[in-house]
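The values are calculated or read from the model by the stated rules, or taken from the named source; none is laboratory data. Predicted, not measured: the structure shown is a model, and the values here were computed from it. As a convention, Cβ positions derive from the backbone with ideal geometry for all residues, glycine included, and neighbour counts pool all protein chains shown.
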Amino acid sequence: MWVWPELISNPNDPTVQYMVMDTEGLGSLEEGEQTDTKIFLMAMLLSSYFIYNSVGSIDEKAVQNLSLIINLSKLLQKGN
């Protein structure tokens with residue numbers, strides 16, 4: 001996990017600040033699927049906005065990963 005060391009101010013609203021966080025993707029070569037999912041879920045819980053970045057074209061695996069993201073976000077929304 002990587003976090004930008006400084007908060008970024010919103011030029012339109014000085015009361016809002018942003019923190020940039022980057023995590024390894026799903027399907028890591030070094031860790032198992034459970035570890036990837038835990039890191040991913042923790043990042044989602046800490047985030048107000050989430051950007052999903054995919055390398056290459058969108059294939060079946062990418063669609064499955066997006067489905068996982070959507071289902072996790074639905075579960076998180078129900079908890080609020």
### Message
Of the residues SER48, SER28, only one is outside any helix (DSSP H, G or I), at pLDDT 75 or above and polar (S, T, N, Q); which?
### Response
SER48
#### Entry: All positions within the stretch 35-66 that are in contact with a Ser or Thr (Cβ under 9 Å, 6 or more places away or on another chain) and within 19 Å of LEU7 (Cα to Cα)
ALA43, MET44, PHE50
### Looking only at the stretch 51-68, and only at residues there that are without any contact (Cβ under 8 Å) to a residue 24 or more places away in the chain and not in a loop (DSSP other than H, G, I, E, B), the one that is nearest to VAL20 (Cα to Cα)
LEU66
